[in-house]
Amino acid sequence: VVAALPRTPNGKIDRRALQPPEIAQRSAARAFVAPQSALEQVLAGIWAGVLGVERVGRHDNFFELGGHSLLVIQVIARIREAFQVDVPFRALFTSPTVAALGESLVALSAQVERTADILVRLAQLSDEEVEALLTRQPTAAIETP
């Protein structure tokens with residue numbers, strides 16, 4: 001909090017004269033909780049590298065540490081490189097902590113595996129079974145693994 005915003009001779013806010021926020025002090029005020037799983041450790045390492053901070057805890061908020069939408073793109077690219085998983089852009093916005101993003105990635109992975117199982121089962125269906133599904137005629141139950 002500042003008493004008054006610095007102004008330029010034209011009366012506009014002089015952003016260059018503002019002191020940078022003390023991000024380290026804000027995050028230090030909260031107790032640090034180390035990442036718990038290997039997944040969380042990798043995510044914390046990615047965040048630390050992209051954000052230029054020394055360490056990231058499992059409950060630290062990406063945006064409170066200085067993250068923004070351009071850095072989200074870098075984080076997603078590094079996650080894709082590390083895990084070979086397609087991460088939606090909104091993932092960091094809906095899961096802004098290492099713990100929450102880790103849970104989201106596990107859920108996303110489960111969805112991908114489930115989709116793969118369904119596609120394999122669909123490939124095994126006979127033409128008659130496919131036709132029955134398309135016309136909604138009752139047939140024997142189709143089991144998916």
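The values are calculated or read from the model by the stated rules, or taken from the named source; none is laboratory data. Treat the numbers as computed from the prediction; the structure is a model and nothing was measured. Here the Cβ is made from the backbone with ideal geometry for all residues, glycine too, and neighbour counts use every protein chain on show. The accessibility values were calculated without ligands, DNA or RNA, using every heavy atom of the protein model including side chains. Shrake-Rupley method; radii C 1.70, N 1.55, O 1.52, S 1.80 Å.
Before moving on, here are some points about what is shown:
- Accessible area of residue 33 (1.4 Å probe, protein heavy atoms only, ligands and nucleic acids ignored): about 50 Å².
- Förster radius 35 Å - calculated FRET efficiency between residue 94 and residue 16 (Cβ-Cβ, nearest 0.05): 0.55
- Remark: spin-label model distance residue 5-residue 104 equals 3.0 nm, labels positioned 7 Å along the Cα→Cβ axis.
- Fully extending the segment from residue 81 to residue 41, taken as 0.36 nm per residue of separation minus the present Cα-Cα distance, adds 12.9 nm.
- Between residue 59 and residue 128, the simple label model (points 7 Å from Cα in the Cβ direction) yields a spacing of 6.0 nm.
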